[in-house]
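Only one structure is covered here, and it is reproduced in the block below.
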Amino acid sequence: MGCGRLGSTIAAEFDAEGHEVTVIDHDSAAFNWLPDTFRGGKVLGPGEDAAVQARAGVRQADIFLALANGDNRNAMAAQVALHIHGARRAVARIFDPERAEIYRELGIRVVNPTTALETLVREAAFEG
């Protein structure tokens with residue numbers, strides 16, 4: 001879910017690797033981020049909506065990625081995928097480090113760009 005810079009890049013890479021990919025976004029213009037070579041599916045609608053996820057085939061998916069720009073939307077979409085559709089794995093991008101920890105405690109796999117970038121910046125600043 002989420003077809004901005006990050007979501008479209010990951011979707012295109014997974015598609016090129018031969019994975020079956022379906023992208024969900026509430027804005028049809030977001031699909032323009034995908035390359036012309038993208039062979040996957042596109043579903044228009046709010047990714048936190050159970051019916052939209054059903055149209056995208058989340059019940060059959062191995063992984064659900066919630067990569068929109070809103071923490072609440074991503075967390076809700078991941079919870080819907082896990083608890084309504086029985087997704088095997090859901091990962092949510094959560095920008096706020098405090099929220100990220102709360103969502104982790106609720107069982108959502110979380111990627112927090114703030115702490116991830118902090119680690120990378122520290123490593124780059126102090127390496128060799």
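The values are calculated or read from the model by the stated rules, or taken from the named source; none is laboratory data. Please read all numbers here as calculations on a predicted model, not as lab measurements. Reconstructed Cβ throughout: ideal geometry from the backbone, glycine too, with neighbour counts over all protein chains shown.
Brief remarks follow.
- Sole residue being of a type outside the set (Asp, Glu) and in contact with a helix residue (DSSP H, G or I) (Cβ under 7 Å, 6 or more places away or on another chain), chosen from Ala51, Ala29, Ala75: Ala75
- Scanning the range 18-33 for residues that are without any contact (Cβ under 8 Å) to a residue 12 or more places away in the chain and farther than 13 Å from Gly45 by Cα yields Gly18, His19, Asn32.
- Residue count for the range 79-92 under the criterion of being out of contact with any Leu (no Cβ under 9 Å at 6 or more places or on another chain) and either within 17 Å of Ser28 (Cβ to Cβ) or surrounded by 15 or more Cβ atoms within 10 Å (Cβ to Cβ) (or both): the result is 5.
- Among residues of the range 40-61 that are within 11 Å of Ala87 (Cα to Cα), those with a beta-carbon under 8 Å from a residue that is assigned to a strand (DSSP E or B) at least six positions away or on a different chain give the pairs Gln53/Ile24; Gln53/Phe64; Gly57/Thr22; Gly57/Gly41; Val58/Phe64; Ala61/Thr22.
- The residues on offer are Val52, Val21, and the sole one that is surrounded by 13 or more Cβ atoms within 10 Å (Cβ to Cβ), under 14 Å from the mean Cα position of the chain (by Cα) and either among the hydrophobic types (A, V, I, L, M, F, W, C) or on the phi > 0 side of the Ramachandran plot (or both) is Val21.
- Among (1) surrounded by fewer than 22 Cβ atoms within 10 Å (Cβ to Cβ); (2) modelled with pLDDT of 95 or more; (3) part of a helix (DSSP H, G or I) - the single one Phe95 does not satisfy: (3)
- Residues within the range 13-72 that are touching a Phe, Trp or Tyr at 6+ places or on another chain (Cβ under 7 Å) and assigned to a loop (DSSP other than H, G, I, E, B), tallied: 1
- Gly128 falls short on exactly one of the conditions (1) outside any loop (DSSP other than H, G, I, E, B); (2) out of contact with any Phe, Trp or Tyr (no Cβ under 9 Å at 6 or more places or on another chain); (3) modelled with pLDDT under 95, and that condition is (1).
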